[in-house]
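Accompanying notes for the structure given below.
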Amino acid sequence: TEAARPAAPESDAKPAVPARRQIIPAGQPLPPQPSANEISPEALAKVNEVEKKAKKISLMELTERTCKWPVGDPATEDFWFCGLPVQAGKPYCEAHVGVAFQPMSSRRDRKR
């Protein structure tokens, strides 16, 4: 019968690769970042300037008033969020809003 069969032993073996800490976005999932050819040179220059002044905060430091733009690879220690004051009603500071919220038509034209 089915009950007579021994249950599969539960594996206590540790995975060879340490598990990454799970990253849970605050509130909304993070948008895909546009590639450089989709961003106007002015917006890109503004972002580069802003990122020099960024607060470089961690996930746990995010609030509704801090820019939630992610920078770097989440799998590495060199990952942070902008943290500058947000533009009213938006999840990002002025510079990152300029990159994130571009009209589709101008983004499409720039790809060509």
Working out 0.36 nm times the residue gap between residue 63 and residue 87, then minus their Cα-Cα distance, what length gain in nm do you get to one decimal? 7.3 nm
Of all the C-alpha pairs in region 41-104, what % are more than 13 Å from each other? 60 percent
So for each of 52-59, 91-98 I average, over its residues, the number of other beta carbons within 10 Å; can you give me the resulting order with the highest mean first? 91-98, 52-59
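Here, each number is a calculation from the coordinates, and none is a lab measurement. The structure presented is a predicted model; accordingly, all values stated were derived computationally and were not measured. Reconstructed Cβ throughout: ideal geometry from the backbone, glycine too, with neighbour counts over all protein chains shown.
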